[in-house]
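Worksheet: one structure, shown below.
The values are calculated or read from the model by the stated rules, or taken from the named source; none is laboratory data. On a predicted model such as this, the values are computed, not experimentally measured, just so you know. FYI the Cβ positions are ideal-geometry reconstructions off the backbone, even for glycines, and counts take in every protein chain you see. Accessible surface areas use protein heavy atoms only, side chains included; no ligands, DNA or RNA. Shrake-Rupley method; radii C 1.70, N 1.55, O 1.52, S 1.80 Å.
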Amino acid sequence: MTEPMNIAASTRPEGATGVLVLADGSVFWGKGLGVQGRSVGEVVFSTGLTGYQETLTDPSFAGQVITFTFPHIGNVGTNGEDNETVTPAARGCILRADITEPANWRAAQHLDRWLVSHSLVGLAGIDTRRLTRKIRDGGAPNGVIAHAADGVFDLPALLAQAQGWPGLEGMDLAKDVTCRQTYDWTQTRWSLKTGYGTQRDPKYHVVAYDFGAKHNILRCLADAGCKVTVVPATATADDVLRHNPDGIFLSNGPGDPAATGTYVVPELQTLIGTGIPVFGICLGHQLLALALGAKTYKMDRGHRGSNQPVKDLKTGKVEITSQNHGFAVDRASLPDTVEETHVSLFDGSVEGIALKGKPVFSVQYHPEASPGPQDSHYLFKRFVETIEAHKK
C-alpha cells in the first residue's frame, strides 16, 4: 500500500500494476485487478459491509468508480443469482486489500474472474481510508483507474483523461441503462429453500418505468402481488396507459435527474393527472419531485451504503436504509401541494415526499434492500394498499 502523491513527484513503486489518477493530480499506486485497461468516472465510496456483487451491478452506479470502505471484499465469491442487472454499469472498483478468497457455499466464481468477465477494471492495495476522507471533505472527484500487467502507465495522459471527463452533472445516463423494449417481470424474491419464485396469481397490474431498475426492486413488486410490465425510460404516458395499469412505479437509476427529466417530466405530469397511484424510488423519487414542481441539486459526496438512518416524519420511527445517490431534492423548492415524509439523519436531506390528497409518493432510498437492511420493505405493501384503496 502506498501513500498518494502528486503526479509531478510520482514514481511507480516496485510491483505496482495499477494506478488511480484524480483530476487534481493525486496519484494512488496499487495492484491491478480485473481486466487490463483504463476507465474514467466519478470516484465515490460505498460504506456497505456486504453485497459487493449487488453493489457493482446496481445500474445507479453508471459513470462511477466505486471505492469500498469495508476491507474484506470477495469473501463470498460471486454467483449468477446476485446480479442486479445483466450488464454492470459501474466503471470499476477500488479495494484496500487483495480480493479475499471465497468461502461461501453459494460461491460460483472468484471476484477477480467475475470482474474480467464483465470487462471491469479494479485496483487494490491503496489507502481507501485516505481516499474516502478526500472524497468526504472535498466532494467526489473525477478520476481514472488503470491496470497494466507490465506496470507501464502514461500518467499525464491519464490525468488529461480525468480532467477532460465532463462529470455527472447534466448527464442523462438513464438512456444508457434502460431496457430497449417493454417486457413482463414475474420473478419473486429469493428464499433459502426454493431460490427465486414466480408470481402466478397477481392481484394488480403495475407498469414500472426502467430508469436503471434493480432486479430485486422488480422482485419485491411481484412478491407484493403485482403483475409487472417494465417500460423503457423513454416511454410516453400513452405507452403506459395503454397497459391499463392499476399503479405506476418509477425506478432507481443513474445520472442527473434534471437531464433525464427533460423528456420524462412531461409524461409523469400527465400520468399524475390521471389519479393512478404512483410510487418512486431513488431517481424515480427525484423525477417525481421535478414533475411536481420541485428542483434537484448535485450533492458534494452523496449517500452510498447500507447503513443510512432515515426518519419517517409521520410515525417518528427511524429506518436503517440502503442508499445510492449523488443528487437530492431541494427542500426549499417543494411546492405547498407536496409534503416531506422522510428525512436523512446524516445530513438532513429530503428522503421522501408525498403529493397531498393524492396516491402519489416516493422515497430517496432503496427499500428493496439488496444489499442492506429490510426495515423499509413495508413501502411495497403500502404501494399495494394505496392501489387497493384507489380501486374501491
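The table for this structure:
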quantity	calculated
Output for the range 363-392, where each listed residue is open to solvent by less than 10 Å² (accessible area, probe 1.4 Å) and charged (D, E, K, R)	368
Any hit, the range 365-372, residues being in a loop (DSSP other than H, G, I, E, B) and over 26 Å from residue 59 (Cα atoms)	no
Matching residues, the range 345-359, being open to solvent by less than 20 Å² (accessible area, probe 1.4 Å) and either at pLDDT below 95 or within 21 Å of residue 387 (Cα to Cα) (or both)	352, 353, 354
Given (1) crowded, with 20+ Cβ neighbours inside 10 Å; (2) within 25 Å of residue 356 (Cβ to Cβ), index of the condition residue 227 fails	(2)
Index of the failed condition, residue 336 passing every other in (1) within 25 Å of residue 206 (Cα to Cα); (2) out of contact with any Asp or Glu (no Cβ under 7 Å at 6 or more places or on another chain); (3) surrounded by fewer than 24 Cβ atoms within 10 Å (Cβ to Cβ)	(1)
Hits in the range 178-215 - residues which are within 29 Å of residue 42 (Cβ to Cβ) and crowded, with 24+ Cβ neighbours inside 10 Å	208, 209, 210, 211, 212, 213, 214
Selection from the range 216-238 of residues that are over 19 Å from residue 384 (Cβ atoms) and in a helix (DSSP H, G or I)	237, 238
Within the range 254-298, tally of residues that are basic (Lys, Arg) and crowded, with 21+ Cβ neighbours inside 10 Å	0
Filtered residues of the range 15-37 (kept if β-branched (Val, Ile, Thr) and either open to solvent by 10 Å² or more (accessible area, probe 1.4 Å) or within 8 Å of residue 146 (Cα to Cα) (or both))	17, 19, 35
Criterion: over 28 Å from residue 46 (Cα atoms) and over 17 Å from the mean Cα position of the chain (by Cα) - qualifying residue of 268, 313	268
Wholly within the range 75-181, strands (runs of 3 or more DSSP E) carrying at least 1 residues that are out of contact with any Phe, Trp or Tyr (no Cβ under 6 Å at 6 or more places or on another chain) and without any contact (Cβ under 8 Å) to a residue 60 or more places away in the chain	92-94
Filter result for residue 58 (of a type in the set (Asp, Glu), closer than 27 Å to residue 185 by Cβ and touching a His at 6+ places or on another chain (Cβ under 9 Å))	yes
Residue in the range 239-251 that is over 18 Å from residue 168 (Cβ atoms), of a type in the set (Asp, Glu) and not in a helix (DSSP H, G or I) present	yes
Residue pairs meeting the criteria (Cβ under 7 Å; at least 6 apart or on separate chains; first touching a residue at least 60 places away in the same chain (Cβ under 8 Å), in the range 212-226; second of a type in the set (Asp, Glu))	214/58; 214/84; 214/368; 215/84; 216/84; 216/368; 217/368; 220/368
Options 41, 63, 37; residue that is more than 26 Å from residue 215 (Cβ to Cβ), touching a strand residue (DSSP E or B) at 6+ places or on another chain (Cβ under 7 Å) and modelled with pLDDT of 95 or more	37
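Condition check ((1) among the basic types (Lys, Arg); (2) closer than 21 Å to residue 261 by Cβ; (3) open to solvent by 80 Å² or more (accessible area, probe 1.4 Å)) across all residues:
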residue	(1), (2), (3)
300	no, no, yes
305	no, no, no
322	no, no, no
343	no, no, no
361	no, yes, no
